[in-house]
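Working notes, beginning with the structure itself.
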Amino acid sequence: MNGLVGFLERSIVPIAAKIGSQKHLVAIRDAFIGLMPVTMAGSFAVLLNVFLRDLPNEWWGAGNGVTATFAWLIGMNGHVWQGSLAIFAILFALSLGYNIAKAYDVDPLSGALVSLSAFIMGLPAVATIGEEAGWGFFNFAAHFGARGLFTVLLIGFLSVIIFCKFMQWNITIKMPESVPPAVSKAFAAIIPGAVALYVAALVYYLFGFFTGGESLIEWIIETIQAPLMGLSQGYGAVLVIVLLVHLFWFFGLHGANIMQAILQPLYGAAGIENANAFEMGAEIPFQWVAGSFDAFVWPGGSGATLLLLVAILVFSKRSDYKMVGKLGIGPGVFNINEPVMFGLPVVLNPLLLVPFVLAPVAMATIAYAATMLGWVDPVVVPITWVMPVGISGFLATAGDWRSIILSLVNVAVGLIIYIPFVIAANSPKLGGGDAQAEQE
């Protein structure tokens, strides 16, 4: 065990630390995190409509009293969804540009506007609406939601980097000191912004020229985004994500944050597409999304540490373990596990490495199988990560009662995995035994 830990510490930790501090990946992570107020509002709107419209219509039929009574609120929820999850790519373009510019220490607002403009200019803008045809009819459903995410990541990212570089090279319009700072800042961004947008326009134009008018955004969706998101639905991809998150955490690195730049563009985007499809009454496109991890794989946080705390409170004879258990159980219910990760600690604890990794792997395997086999509905509502186990799955699956059974099964499996290691920690050789036994 010590040899394995040493190998991982020498080989994996330095790479993970560099990834976790790489400013471009941090900017992508922060761009997703920055959207939480809007995405959570949209998710809450979708969730409310589940209980006011979808479930009542399923149970009592169309025109039931509940749906009729709350028609006004259902309509309001639709507006909230339309201004949040339905335009996720637009919001992400702004957030990404802002955070990249912030990472380069240049004007964040200008970076946000450059990113948004670079995305919008490539949207196919000719469509037919009824009998009317012409410029300006954007395909709202096709590009403004999560389907446009990869275009933002590629074109928006490129354009903002160019903008930032020109700003850092001082290729700007310099105004006299007497000019107000806001005006001076705006003029300074003109040349870098124009160059960045013309580069993006050149990319769009050349692609269309050499492909006979094909849309770059559609090409990115079909050639890059769709295959990658398809691969994300495989069990192997889910397993790798779970393993890496927990190996990073074992060495004190925030595994979920490090993997955010992969988790959100793939599984986060899949979750947004599921929510949009569910709200529109369309077929659910993805079976496994970011919310699936939160709902079924890590109750109490990474490593399913809520189950470790329960095992400690029931089976541990160590006063130090029981103290951490009592202090950590409250936050653990809401998936906050720093007290146990660093207080027990789990970090760099060779004895707990196996259950810390094995429990979420087993739970992911069970949840993945149950979802793919259709025993539990897929997650269609993004739920905040602090939602307690059981409630989280029920709400995320839009009220599927079978998700509660799945959560209970996973809790039982996780406990079974943790209990032997908690009992083993009672050994005097590991600091337990009579010297550490709690006398009550």
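The values are calculated or read from the model by the stated rules, or taken from the named source; none is laboratory data. In this text the structure is predicted, and so the values were computed from the model without any measurement. Neighbour counts run over all protein chains shown; Cβ positions are idealised from the backbone, glycine included. These accessible areas exclude ligands, DNA and RNA; they are computed on the full protein's heavy atoms, side chains included. Shrake-Rupley method; radii C 1.70, N 1.55, O 1.52, S 1.80 Å.
Dipole size in debye (nearest 20) for the chain around its Cα centre, Lys and Arg Cβ +1, Asp and Glu Cβ -1? The partial results should precede the final answer.
Numbers: 16 positive and 23 negative charges, 222 e Å.
It comes to approximately 1060 debye.
With angles folded into 0 to 90 degrees, how steeply does helix 23-34 sit against the dominant principal axis of the chain? Use alpha carbons for both and round to 10.
It is inclined by approximately 90 degrees.
When only C-alpha pairs under 8 Å and at least 6 residues apart count, what is the relative contact order of segment 252-327, in percent?
Result for segment 252-327 is 19 percent.
Hey, how many Å between the Cα centroid of segment 193-260 and the Cα centroid of segment 317-355?
Segment 193-260 and segment 317-355 have Cα centres spaced 35 Å from each other.
Scan around Ser84 for amide H atoms under 5 Å from its own, H built in the peptide plane at 1.01 Å from N, and keep only partners 5 or more places away or cross-chain.
Amide H neighbours of Ser84: none.
Which net charge results when you count Lys and Arg as +1 and Asp and Glu as -1 among the other residues whose beta-carbon is under 12 Å from that of Phe394?
On the way: positive: Arg402; negative: Asp377, Asp400.
So the surrounding residues net to -1.
Subtract the Cα-Cα distance of Val199 and Ala141 from 0.36 nm times their separation in residues, and report this length gain in nm to one decimal.
18.2 nm
With θ taken as phi - 60° and the coefficients 6.51, -1.76 and 1.60, list the Karplus ³J(HN,Hα) couplings across segment 181-193 in order, rounded to whole Hz; mark glycine and proline as x.
3J(HN,Hα) across segment 181-193, in whole Hz: x, 5, 5, 4, 5, 5, 5, 4, 8, 5, 5, x, x.
Pairing the Cα long axis of helix 2-11 with the longest principal axis of the chain, what angle in degrees results, from 0 to 90 and rounded to the nearest 10?
It works out to around 10 degrees.
Measuring with a 1.4 Å probe in the full set of protein chains, what accessible area per residue, in whole Å², belongs to the chain?
Values: 19870 Å² over 440 residues.
Solvent-accessible surface per residue comes out at 45 Å².
By how many degrees, 0 to 90 and rounded to 10, does the Cα axis of helix 108-120 deviate from the longest principal axis of the chain?
With both axes taken from Cα atoms, the answer is about 70 degrees.
In segment 199-325, what percent of the accessible surface is made up of carbon and sulfur (1.4 Å probe, ligands and nucleic acids excluded)?
Values: 3220 of 4620 Å².
For segment 199-325, the apolar C and S fraction of the accessible surface comes to 70 percent.
Among the lysines, which fall within straight-line cross-link reach of Lys185, defined as a Cα-Cα distance under 28 Å, with same-chain neighbours fewer than 8 residues apart omitted?
Lys23, Lys102, Lys165, Lys174
Ordered by residue, what ³J(HN,Hα) values in Hz, to whole numbers, does segment 55-63 give under the Karplus form 6.51 cos²θ - 1.76 cosθ + 1.60, where θ = phi - 60° and Gly and Pro are x?
After applying 6.51 cos²θ - 1.76 cosθ + 1.60, I find 5, x, 5, 6, 7, 10, x, 5, x Hz.
Per-residue HN-Hα couplings for segment 260-270, Karplus 6.51 cos²θ - 1.76 cosθ + 1.60 at θ = phi - 60°, whole Hz, x for Gly and Pro?
Here the 3J(HN,Hα) series is 4, 5, 9, 4, 6, x, 9, 6, x, 5, 4 Hz.
log10 I(q)/I(0), Debye, Cα-only the chain, no solvent, q = 0.06 Å⁻¹?
-0.32
Among residues other than Met36 whose Cβ falls under 14 Å from its Cβ, what is the net charge (Lys/Arg +1, Asp/Glu -1)?
Here the count lands on -1.
Note down the Stokes-Einstein diffusion coefficient of segment 35-166 in µm²/s, whole number, using a Kirkwood radius over alpha carbon pairs, 10 °C, and 1.306 mPa s.
Rounded, D is 95 µm²/s.
Could you please put His246, His79 in sequence from largest to smallest accessible area, using a 1.4 Å probe?
Sorted by accessible area, descending: His79, His246.
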